[in-house]
Every structure is written in C-alpha cells, then in structure tokens.
1. Residue by residue through the range 75-107, note down the ones that are of a type in the set (Lys, Arg) and either more than 14 Å from residue 50 (Cα to Cα) or not in a helix (DSSP H, G or I) (or both).
2. When you look at residue 44, is it surrounded by fewer than 18 Cβ atoms within 10 Å (Cβ to Cβ) and either under 13 Å from residue 19 (Cα atoms) or among the charged types (D, E, K, R) (or both), yes or no?
3. Find all pairs meeting these conditions: Cβ atoms under 7 angstrom apart; at least six residues apart or on different chains; first residue within the range 5-19 and within 15 Å of residue 29 (Cα to Cα) and in contact (Cβ under 8 Å) with a residue 24 or more places away in the chain; second residue among the β-branched types (Val, Ile, Thr) and surrounded by fewer than 17 Cβ atoms within 10 Å (Cβ to Cβ).
4. Kindly indicate whether residue 36 is crowded, with 16+ Cβ neighbours inside 10 Å and among the basic types (Lys, Arg).
5. If we only count helices (runs of 4 or more DSSP H) wholly inside the range 1-74, which ones have 3 or more residues that are closer than 20 Å to residue 86 by Cβ, in contact with a helix residue (DSSP H, G or I) (Cβ under 9 Å, 6 or more places away or on another chain) and of a type in the set (A, V, I, L, M)?
6. Does the range 86-102 contain at least one residue that is within 26 Å of residue 6 (Cβ to Cβ), without any contact (Cβ under 8 Å) to a residue 40 or more places away in the chain, surrounded by fewer than 10 Cβ atoms within 10 Å (Cβ to Cβ) and of a type outside the set (Lys, Arg)?
7. Specify which of the listed residues (49, 53) is within 12 Å of residue 8 (Cα to Cα) and either modelled with pLDDT of 95 or more or of a type in the set (Ser, Thr, Tyr) (or both).
Amino acid sequence: MASETHKPAYALLNVYSKAYSDKYNSSCNINKYRDKWAMIDLIDSVGYERAQELIAYYFKTTSNSKHSLNWFMYNFDRLDEMLKKSDEDNVRRAKIRETTKQMMEGQ
C-alpha cells in the first residue's frame, strides 16, 4: 500500500494518464515507481493543486513529443511561468474590456 506521502504523487500520475488517454485515445507508458518521485518533487515545488493545473495546461498546448511525461517533468517550471503570464494577461484583458464597456455605456 502506498504511504500517505506517495498517494498525491500516484493521484497526479493518474491525472496525467487520464489526460493523455483523453487526448490520444490510447494509454501512456508510465513507470509508476520511478515517476512517483518526480511527481513528489513537482508537488514540493508548486503544490498539488497547481500541479493539476499545469498538467491540464500542458495538454492544451501543442507538443512535438506527444506530451511526454519526461518533457513535462523537465519543463514544468517553464509551463508554470507561461501559465502565470497567461493568467495575468487574462486579468489585464478583463480590466480593459470592463473599462471599454464603461466608456461605451457613458456615451
């Protein structure tokens, strides 16, 4: 049975596997024993919820490596930065839309 510290890592591997299956209609080849350590490091770096967001974001992007787990683990920090910038941009655009809407209603 998995220890309490490993359960979130296995859960993230399942999230990744499900996203992969949904995208490619086939199962991915994951070495759960080896990859759980990478997921534990990911959780330690960004937290469990953010890791789930990063996996979802990763599968929304285009990939030359067919969304490889190894690529994700080596580049999750870059994905995290891109997602932060995207979120900030969405907030900025929402403010601009609201300001424009108020200006148009004021005329």
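The values are calculated or read from the model by the stated rules, or taken from the named source; none is laboratory data. Bear in mind that the values here come from a model prediction, so they are computed numbers and not experimental data. Here the Cβ positions follow ideal geometry from the backbone for every residue, glycine too, while neighbour counts run over all protein chains shown.
1. Pass one, the range 75-107, residues of a type in the set (Lys, Arg): 78, 84-85, 92-93, 95, 97, 101.
Hits for the range 75-107 are 85, 92, 93, 95, 97, 101.
2. Details: surrounded by fewer than 18 Cβ atoms within 10 Å (Cβ to Cβ): yes; either under 13 Å from residue 19 (Cα atoms) or among the charged types (D, E, K, R) (or both): yes.
Judged against the criteria, residue 44 is a match.
3. 13/30
4. It is true that residue 36 is crowded, with 16+ Cβ neighbours inside 10 Å and among the basic types (Lys, Arg).
5. Working: elements: 7-24, 32-46, 48-60.
Once the helices (runs of 4 or more DSSP H) in the range 1-74 are filtered for at least 3 residues that are closer than 20 Å to residue 86 by Cβ, in contact with a helix residue (DSSP H, G or I) (Cβ under 9 Å, 6 or more places away or on another chain) and of a type in the set (A, V, I, L, M), what remains is 48-60.
6. Here is the first cut: in the range 86-102, the ones within 26 Å of residue 6 (Cβ to Cβ) are none.
Taking every residue of the range 86-102 in turn, none turns out to be within 26 Å of residue 6 (Cβ to Cβ), without any contact (Cβ under 8 Å) to a residue 40 or more places away in the chain, surrounded by fewer than 10 Cβ atoms within 10 Å (Cβ to Cβ) and of a type outside the set (Lys, Arg).
7. Values: 53 fails: within 12 Å of residue 8 (Cα to Cα).
On inspection, the qualifying residue turns out to be 49.
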